[in-house]
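**Q** Structure incoming, see below.
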Amino acid sequence: MLRSMFSAISGLRAHQTKLDVAGNNIANVNTVGFKASQTVFEDTLSQVLRNGSAPNGDVAGTNPAQVGLGVKVAGITTNFGQGSTQNTGRASDFMISGDGFFVTKVGNEQLYTRAGSFDTDGVGNLVTPDGAKLQGWMANALGVVDPNGPIQDLRIPTGQVLAPVATTTSSVSGNLSAGATPADTAVSSQINMYDDLGNAHPVSVTMTKLAADPAATPPVPANSWSLSFADTSTPTPTPLGSTTLTFADGTVAGQPAGTLISPATYTIPAAGGAWTRNVDVDLSSLTQFGGKSDAAAKATAGSGSAMGVLEGYSLANDGTIVGIYSNGLRQDIGQLALATFTNPGGLEKAGNSSFRAGDNSGNPLVGQAGTGGRGSLSAGALEMSNVDLAEEFTGLIVAQRGFQANSRVITTSDEILQDLVQLKR
């Protein structure tokens with residue numbers, strides 16, 4: 001009878017733990033990145049009342065007679081299944097689809113989390129709501145990320161200035177009408193070219209059909225066009241150069257891939273300097289087919305840009321943070337790091353929706369999203385809790401009934417003991 005009471009007491013304790021775990025799951029049903037836990041029971045040691053015996057001749061064998069001594073909690077496991085997606089529209093909200101954890105740093109300790117709700121602090125660091133710094137790789141001045149280097153704090157350099165780049169190449173593409181007559185000006189399009197200081201120079205490109213003149217020096221073949229370039233940033237356009245193209249079977253004949261406009265030297269009043277840079281203009285994509293010469297034949301942007309200031313950022317599926325600058329350029333700022341573990345169930349909960357590496361979790365395998373079994377990333381969305389309320393409420397009922405049943409065992413054992421005590425009266 002005492003055994004039954006002690007077994008029932010262990011049942012009360014075990015089912016109380018199950019209630020605690022279910023209560024914590026339900027409390028975190030709306031916690032970002034929360035992973036539900038489950039309680040696993042196992043029986044304790046059994047007391048042997050009679051040992052078993054092996055068959056011997058005409059005597060059959062017997063089984064041992066054992067009485068169990070109760071139940072205990074074998075473990076509390078964590079379900080790392082994918083949670084539901086909640087779209088937020090915030091550029092700093094990230095969601096992992098698949099395996100992996102964000103890597104954060106608090107002081108000198110490295111932690112891991114599935115909660116991707118980040119923001120920036122006063123100096124631009126990407127941080128969790130409790131102040132842990134998101135880890136990854138920062139890009140160099142050219143926008144190149146080295147994922148083989150050590151991870152570091154990720155920072156959004158708000159207000160960062162991107163130095164201007166002078167134009168060295170450009171191109172003109174499209175179709176010039178094969179039906180154009182001499183002196184027809186087919187297209188006059190314009191493109192911005194930039195000097196060394198980032199000042200924009202609107203350069204016009206005028207394409208005029210030439211009359212064939214075999215006697216000219218040099219001769220002008222049929223299907224020839226004159227292309228002239230001029231800087232229109234001043235009231236009086238400044239000629240930059242010109243060239244002649246000849247077409248055969250609709251494509252440029254006998255022309256290299258780029259035609260050099262050189263030199264282009266003139267004063268920049270705003271900067272007080274001069275732009276003396278040669279620009280290679282690729283004309284190989286021009287064609288002369290039937291149809292109209294319209295805006296399809298135009299100058300297109302090549303190299304070069306004005307000064308840019310960081311205005312925003314976006315996230316690619318591989319975790320790359322791409323800066324958006326005021327000059328229209330995009331350049332990589334950094335890349336998020338993800339970590340996986342051989343046994344994520346061995347991680348220790350560190351609070352604030354974070355985990356730390358445990359003795360049985362294995363070492364963190366840090367790398368890029370989408371590689372080495374790591375999941376992909378999505379911006380503007382969060383992974384919600386994977387708690388199943390229906391399952392948790394069912395678990396509450398089971399735990400409650402188990403608790404009640406074990407308490408009834410204690411009550412029954414107490415009544416039997418009471419009857420035993422009263423035998424001497």
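The values are calculated or read from the model by the stated rules, or taken from the named source; none is laboratory data. Predicted model, so just to flag it, every value in this text is computed and none were measured. Cβ coordinates were reconstructed from backbone atoms using ideal geometry, including for glycine residues, and neighbour counts include every protein chain displayed.
**Q** Mind listing just one residue for me: the one in region 151-180 that is over 30 Å from residue 368 (Cβ atoms) and not in a loop (DSSP other than H, G, I, E, B) and, of those, farthest from the chain's Cα centre (by Cα)?
**A** Here the answer is 175.
**Q** Within region 237-244, is even one residue loosely packed, with under 14 Cβ neighbours inside 10 Å and at negative phi?
**A** Checking region 237-244: at least one residue is loosely packed, with under 14 Cβ neighbours inside 10 Å and at negative phi.
**Q** Please verify whether region 41-64 includes one or more residues that are in contact with a strand residue (DSSP E or B) (Cβ under 9 Å, 6 or more places away or on another chain), β-branched (Val, Ile, Thr) and under 30 Å from residue 102 (Cα atoms).
**A** The answer is no, given that none of the residues of region 41-64 is in contact with a strand residue (DSSP E or B) (Cβ under 9 Å, 6 or more places away or on another chain), β-branched (Val, Ile, Thr) and under 30 Å from residue 102 (Cα atoms).
**Q** Does residue 228 qualify as being surrounded by 15 or more Cβ atoms within 10 Å (Cβ to Cβ), under 16 Å from residue 280 (Cα atoms), more than 44 Å from the chain's Cα centre (by Cα) and among the polar types (S, T, N, Q)?
**A** Taking the combined requirement at face value, the residue satisfies it.
**Q** Checking the structure you have, find out if any residue of region 32-54 is of a type in the set (Gly, Ala, Ser) and under 22 Å from the mean Cα position of the chain (by Cα).
**A** Yes, region 32-54 has at least one match.
**Q** Could you list, in sequence order, all residues of region 81-135 that are in contact with a Gly (Cβ under 6 Å, 6 or more places away or on another chain), closer than 19 Å to residue 339 by Cβ and of a type in the set (Gly, Ala, Ser)?
**A** If the condition is that a residue be in contact with a Gly (Cβ under 6 Å, 6 or more places away or on another chain), closer than 19 Å to residue 339 by Cβ and of a type in the set (Gly, Ala, Ser), then 97, 98, 100, 115 are the ones that fit.
**Q** Could I ask something else about it? Kindly check whether there is at least one residue in region 44-64 that is within 30 Å of residue 154 (Cβ to Cβ) and assigned to a strand (DSSP E or B).
**A** No: region 44-64 contains no residue that is within 30 Å of residue 154 (Cβ to Cβ) and assigned to a strand (DSSP E or B).
One line per residue, one yes/no per condition, for (1) in contact (Cβ under 8 Å) with a residue 40 or more places away in the chain; (2) of a type outside the set (Val, Ile, Thr); (3) in contact with a His (Cβ under 9 Å, 6 or more places away or on another chain):
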| residue | (1), (2), (3) |
| --- | --- |
| 330 | no, yes, no |
| 340 | yes, no, no |
| 361 | no, yes, no |
| 403 | yes, yes, yes |
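**Q** Step by step: first the residues of region 87-115, then only those that are farther than 17 Å from residue 386 by Cβ and among the small types (Gly, Ala, Ser), then the one that is surrounded by the most Cβ atoms within 10 Å (Cβ to Cβ). Which residue is that?
**A** 92
**Q** Another question about this same structure. Can you tell me which residues in region 283-320 are in a strand (DSSP E or B), modelled with pLDDT of 80 or more and charged (D, E, K, R)?
**A** Across region 283-320, the qualifying residue is only 311.
**Q** Out of (1) crowded, with 19+ Cβ neighbours inside 10 Å; (2) modelled with pLDDT under 85, what's the single condition that is false for residue 154?
**A** (2)
**Q** Being touching a helix residue (DSSP H, G or I) at 6+ places or on another chain (Cβ under 7 Å) and aliphatic (A, V, I, L, M) is the filter; apply it to region 15-64 and report the residue that is surrounded by the most Cβ atoms within 10 Å (Cβ to Cβ).
**A** Among residues in region 15-64 that are touching a helix residue (DSSP H, G or I) at 6+ places or on another chain (Cβ under 7 Å) and aliphatic (A, V, I, L, M), the one surrounded by the most Cβ atoms within 10 Å (Cβ to Cβ) is 22.
**Q** So which pairs qualify, if the first residue must be in region 110-131 and in the same structural domain as residue 333 (by TED's automatic domain parsing), the second must be among the basic types (Lys, Arg), the Cβ gap must be under 6 Å, and the two must be at least 6 apart or on different chains?
**A** 111/356; 124/155; 125/133; 125/155; 127/133
**Q** Can I ask one more? Hey, any hits in region 159-167 for a residue that's surrounded by fewer than 17 Cβ atoms within 10 Å (Cβ to Cβ), at pLDDT below 80 and either of a type in the set (Lys, Arg) or outside the structural domain of residue 110 (by TED's automatic domain parsing) (or both)?
**A** Within region 159-167 (the criterion being surrounded by fewer than 17 Cβ atoms within 10 Å (Cβ to Cβ), at pLDDT below 80 and either of a type in the set (Lys, Arg) or outside the structural domain of residue 110 (by TED's automatic domain parsing) (or both)), the answer is no, since none of the residues qualifies.
**Q** Does any residue of region 11-28 turn out to be assigned to a loop (DSSP other than H, G, I, E, B) and within 30 Å of residue 113 (Cβ to Cβ)?
**A** yes
**Q** Please work out which residue is surrounded by the most Cβ atoms within 10 Å (Cβ to Cβ), limiting yourself to region 326-370 and to residues that are among the charged types (D, E, K, R) and not in a loop (DSSP other than H, G, I, E, B).
**A** 332
**Q** To continue, here is another question. Could you check, for region 300-318, whether at least one of its residues is of a type in the set (A, V, I, L, M, F, W, C), under 23 Å from residue 18 (Cα atoms) and crowded, with 17+ Cβ neighbours inside 10 Å?
**A** No; the residues of region 300-318 include none that is of a type in the set (A, V, I, L, M, F, W, C), under 23 Å from residue 18 (Cα atoms) and crowded, with 17+ Cβ neighbours inside 10 Å.
**Q** Counting only residues that are within 18 Å of residue 314 (Cα to Cα) and of a type outside the set (S, T, N, Q), how many does region 84-114 have?
**A** 8
**Q** Residue 80 versus (1) in a strand (DSSP E or B); (2) over 21 Å from residue 321 (Cα atoms): which is the lone unmet condition?
**A** If we test residue 80 against (1) in a strand (DSSP E or B); (2) over 21 Å from residue 321 (Cα atoms), just (1) comes out false.
**Q** So, one more: Anything in region 113-125 that is assigned to a strand (DSSP E or B) and touching a Lys or Arg at 6+ places or on another chain (Cβ under 7 Å)? List them, or say none.
**A** 125 - this is the single residue of region 113-125 that is assigned to a strand (DSSP E or B) and touching a Lys or Arg at 6+ places or on another chain (Cβ under 7 Å).
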